[in-house]
């Protein structure tokens, strides 16, 4: 189930039996917000070096999808979207 995830932090959140579904989603959403902020910061610089930012965000979104959460649906409602 977690074999496609490269990000160990994301996989450990999904595997943690002490976290409820809601807690997992909250932690993953925080990671997602941080990853998107890093992407925005990188894109503001002259040269954009992915440095794994896209794969981290992809892993987070896969994990959220497995938990039945679709963060992209609510994203279009905010002012600044990437």
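Each value in this text was obtained by applying a stated rule to the coordinates, not by laboratory testing. Since the structure is predicted, the reported quantities are computational estimates derived from the model, not experimental observations.
Taking every pair of Cα atoms in segment 8-69, average 1/r, invert it to obtain the Kirkwood radius, and report Rg/Rh to two decimals.
Numbers: Rg = 12.8 Å, Rh = 12.2 Å.
Answer for segment 8-69: 1.05.
With contacts taken as Cα pairs under 8 Å and at least 6 residues apart, segment 8-69 reaches a relative contact order of 45 percent.
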